[in-house]
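Just so it is clear, none of the values below were taken in a lab; they were calculated from the coordinates. For clarity, every value in this text was computed on a predicted model and none was experimentally measured. Positions of Cβ are backbone-derived with ideal geometry, glycine not excepted, and every protein chain shown enters the neighbour counts.
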Amino acid sequence: MSNTIMSRLSKKAEAEVPAATPTEILLKLLATEYQAITMYNSAYYWVRGKDRSDLIPEYEEHKKDESEHAEILEELLLELGGDTFKNADEWRLVSPTEVPTIGTHEAAAINQVIEKSEVEAVELYTAAVQYFHSIEDEATAHKLVEILKDEREHLKEVRLEFQGKTSAV
Ligand SMILES: [Fe+2]
Ligand SMILES: [Fe+2]
């Protein structure tokens with residue numbers, strides 16, 4: 001990948017400006033999935049044994065979904081003649097500039113981090129679906145639409161959870 005393309009890819013999500021080639025777009029999505037897996041894993045440990053350990057099943061379910069999304073993207077990358085990340089440096093270059101970090105066991109604060117990440121996922125997948133439609137790769141677009149449905153559901157659930165928490169206080 002050229003430096004120009006890499007710098008474009010490493011910018012924060014810009015839904016209306018799809019980046020470069022099909023495999024580069026899929027790599028960007030894969031990077032965000034890896035981050036989402038890390039984020040939910042982190043959330044799990046921060047709430048474990050604390051007041052809101054009831055959130056654990058939701059975090060576990062979302063983490064499982066993100067892991068499945070990563071697998072689908074990895075398969076798509078190989079099908080389209082690309083490759084997954086060769087090393088951590090390559091992954092960091094493509095990853096969003098802001099890595100979601102959880103450093104609290106306060107459920108409301110955790111859910112804000114998760115909400116931001118899921119909003120970004122919805123934006124990225126929406127742009128990617130549009131892109132694959134535009135190049136008439138309907139098979140890939142269809143698979144990404146299925147993932148997008150999950151991301152929208154994640155966002156809905158975290159928002160409902162957040163509202164539940166704030167209204168209960
Ligand atoms: Fe995902
Ligand atoms: Fe998600």
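Once every Cα of the range 20-168 carries one equal point scatterer and solvent is ignored, give the base-10 log of I(q)/I(0) from the Debye formula at q = 0.08, 0.17, 0.18 Å⁻¹, two decimals. These q points yield log10 I(q)/I(0) values of -0.23, -0.93, -1.02. The order of Ser117, Ser67, Ser95, going from fewest to most other C-beta atoms within 10 Å of their C-beta, is Ser67, Ser95, Ser117.
The residues Lys50, Lys86, when put in order of fewest to most other Cβ atoms within 10 Å, stand as Lys86, Lys50.
By the count of other C-beta atoms within 10 Å, a proxy for reagent exposure, Ile114, Ile37 are ordered fewest to most as Ile37, Ile114.
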